[in-house]
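Step one of this worksheet: look at the structure below.
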Amino acid sequence: MAPTTVASLTGNGISETSPHVAKPLNGSAKVDQVEDDGEGEDDDEAADGVVTGGSAKKKKKKKKPKKRKAEQSNPPRIGLSKLFPSGIYPEGELQHYKDDNSYRITSEEARYLEKQAMEDPETTYNDIRRAAEVHRQARQAARKYIKPGMAMTDIANYIEDSTRALVEENGLESGVGFPTGLSLNHCAAHYTPNAGDTRILQQGDVLKVDIGVHVNGRICDSAFTLNFEPTYDKLIEAVKAATDTGVREAGIDVRLGELAGYIQETMESYEVEVDGKILPVKPIDNLSGHSINKYQIHGGKSVMLVKNKDQTKMEEGDYFAIETFGSTGRGRIVESGECSHYARKVDAPNVPLRLTSAKSLLKSINKNFGTLPFCRRYLDRAGESKYLLALNNLVAQGIVQDYPPLCDQLGSMTAQFEHTILLRPTVKEVVSRGDDY
């Protein structure tokens, strides 16, 4: 989702590291096998045992039932538990650690620690993988569905209805992880349509689709960019490559400032030709990726997009959204436009609320979202009405954080790609990886 907005820091001298080969596993998950309904293989004798021409009537043999894979509907409405009745969900792409951490793939101690973690339901990876598989299926359907001429509200509803059905939404146990981002053109992030928004997707638009899914507060956060004519293909290619670089170079003990340098170097190696003019692709220097905590989309660590002096290290067990943004404009965003995204602060102050409506709205937010991000459409869906005064009061009191749209200069184009990674003791798992990206 929701990139972290950060102050710009820059540095010099980006060193290039040699790439390594990733080991893809179950990028697009296979589902458990189920059998067709049908009778068994028992042989039945022909009726009456009639003899004709000196030979008995042949016994009829029933065909063996064929095994088939359970298939998702279109649009996706079959809950994942029906496709994976075992309750075990596919791993993402596995990438081995590099350099000083390469021993981890064979370390008995690391494997023991990972086994211990898997035995504890609170720290199991299965919730993360379930959320990731929902994400893959929902986004792949959305990529086929989204076309110019559609209303932005219809696109958002299609994605969110698919997510809720697949994850089998159940209060704060499972559901949408944050409002579906559908930022267009110079807007890089934090736009989703509010009620009454009549905007229509156009042929020349560059659309960022940012989808979140959570299971027991474990959020899968991944995004991609769509265009419908080729002018900005290179922009999209640059940002996808930069995200893949960030994923590849991430790992235990990697310093965040150095990781940002690898991302910057990749993105700045691209150019875009628009109407005969060559434009550099710039990383947006005050946006960043971020760590993710349980029920908290921004976990405290930031992966910026330009090299800086941040010496903070990635650590074993960290869960990160590697998220990059590129622009043909300034490469810097400002808040602009009507706000749609909000979240109750994890460390919200305990302050007295004078407005009765604000007290009531906060109760509804706690019940329906907790500290997960939400938007105005979600309040409408929860049955709230005439809540803007109360919502603004909660923002003013520092209980709720507002997240307005983040935009580069008008006329520029921006793109986004994002993957969620888990730094396991033995291996790095790109949990959101799929056949599409």
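The values are calculated or read from the model by the stated rules, or taken from the named source; none is laboratory data. Note that the structure is a prediction, hence the values are computed from the model and not measured. Counting neighbours? That spans all protein chains shown, and the Cβs are built from the backbone with ideal geometry, glycine included. In case anyone asks, the SASA skips ligands and DNA or RNA and just uses the protein heavy atoms, side chains included. Shrake-Rupley method; radii C 1.70, N 1.55, O 1.52, S 1.80 Å.
Worth pointing out:
- Carbon and sulfur %, accessible surface of segment 263-329 computed with the full protein complex present, 1.4 Å: 42 percent
- Protein heavy-atom surface of segment 393-437, 1.4 angstrom probe: 46% of the accessible area is carbon and sulfur, with nucleic acids and ligands not counted.
- Accessible area per residue in Å² at 1.4 Å probe, computed on segment 304-437: 42 Å²
- Under Karplus coefficients 6.51, -1.76 and 1.60, residue-wise ³J(HN,Hα) of segment 375-382 in Hz, glycine/proline x: 9, 4, 4, 6, 5, 4, 5, 7
- Calculated FRET value between K277 and D161, using beta carbons and R₀ = 45 Å, to 0.05: 0.60
- Applying 1/(1 + (r/R0)^6) with r as the Cβ-Cβ distance of S107 and R381 and R0 = 41 angstrom yields a FRET efficiency of 0.30.
- Distant-in-sequence amide contacts of V206, defined by a placed amide H-H separation under 5 Å and a gap of 5 or more residues or a different chain, comprise N185.
- Distance between the modelled labels on R255 and Q401, one decimal in nanometres: 2.6 nm (7 Å Cα→Cβ projection).
- Dipole size of segment 137-254 about its Cα centre, with +1 on Lys/Arg Cβ and -1 on Asp/Glu Cβ: approximately 240 debye, rounded to the nearest 20.
- When only the Cβ of Lys, Arg, Asp and Glu is charged (+1, +1, -1, -1), the dipole of segment 136-175 relative to its Cα centre reaches about 380 debye.
- Prolate/oblate/rounded call for segment 386-437, Cα gyration tensor, a/c under 1.5 rounded: oblate
- Integer Hz, Karplus 6.51/-1.76/1.60 couplings in order for segment 83-96, x for Gly and Pro: 8, 10, x, 5, x, 9, 10, x, 5, x, 6, 9, 10, 6
- Rounded to the nearest whole Hz, the Karplus-based 3J(HN,Hα) values (6.51 cos²θ - 1.76 cosθ + 1.60, θ = phi - 60°) of segment 249-254 follow the sequence 8, 5, x, 4, 6, 6, with x at glycine and proline.
- Potential extension, S360-D347 segment - 0.36 nm per residue separation minus Cα distance: 2.7 nm
- Probe 1.4 Å, all protein chains present, accessible-area order of K98, K208, K367, K147, largest first: K367, K147, K98, K208
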